[in-house]
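Novice: First, the structure itself, so that you have it in front of you.
The values are calculated or read from the model by the stated rules, or taken from the named source; none is laboratory data. The structure presented is a predicted model; accordingly, all values stated were derived computationally and were not measured. Here the Cβ positions follow ideal geometry from the backbone for every residue, glycine too, while neighbour counts run over all protein chains shown. When the accessible area is computed, the model is the full protein with side chains, heavy atoms only, and any ligands, DNA or RNA have been set aside. Shrake-Rupley method; radii C 1.70, N 1.55, O 1.52, S 1.80 Å.
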Amino acid sequence: MGKKSSRKKADLELETILAPVIKMREEIESHVFKIARTHKFMSTCPCIACFSEIVFDFIYDKYEEPFSRFLYEEIMNQVSKKWDVL
């Protein structure tokens, strides 16, 4: 029982540490999808490559490596999957 209890405690600590990061990622992703819709309908060049540059600048201006690289890659993967239906 001692191992399960300490593992649950470690899992809870990890969740507590990661919760703000996960929430921040979700907020950024939501914002990026709003920007994607606007870009796609209002830009003179509504391609995903141009949008990718915008997201890159947005994320790298706000966050440090390696978090910015991870965040950029994950969000652009999500955007590219949904690009046609935005």
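Novice: Go through Ser30, Met42, Ala19 and say which Cα lies farthest out towards the positive end of the charge dipole of the range 11-66; charges sit on Cβ, +1 for Lys and Arg, -1 for Asp and Glu.
Specialist: Result: Met42, furthest along the dipole toward the positive end.
Novice: Moving on to the next point. With a probe of 1.4 Å, find how much accessible area the chain has per residue, and write the answer as a whole number in Å².
Specialist: 76
Novice: Another question, if that's okay. With a 1.4 Å probe and every protein chain kept in, tell me what percent of the accessible surface of the chain is carbon plus sulfur.
Specialist: Of all accessible area on the chain, carbon and sulfur atoms account for 59 percent.
Novice: Okay, next question. Just to check I understand the Karplus step: with θ = phi - 60° and J = 6.51 cos²θ - 1.76 cosθ + 1.60, what whole-Hz values come out for the range 69-85, glycine and proline as x?
Specialist: Ordered by residue, 3J(HN,Hα) equals 5, 4, 4, 4, 4, 5, 5, 5, 4, 5, 5, 5, 5, 10, 4, 5, 9 Hz.
Novice: Further question on the same structure: I'm checking a number: the convex hull volume of the Cα atoms of the chain, normalised per residue, in Å³. What is it?
Specialist: Convex hull of Cα atoms, per residue: 106 Å³.
Novice: For the chain, what is the calculated [θ] at 222 nm in deg cm²/dmol (nearest 500), taking -39500 (n - 2.57) for each run of four or more DSSP H residues and dividing by its residue count?
Specialist: Dividing the helical sum by the residues of the chain leaves -29500 deg cm²/dmol.
Novice: Of Val79, Phe67, Ala10, which is farthest along the charge dipole of the chain in the positive direction, counting Lys and Arg as +1 and Asp and Glu as -1 at C-beta?
Specialist: Checking the options against the dipole of the chain, the answer is Ala10.
Novice: Determine the sum of side-chain charges near Trp83: Lys and Arg each +1, Asp and Glu each -1, restricted to other residues whose C-beta is under 12 angstrom from that of Trp83.
Specialist: Value of the local net charge: +3.
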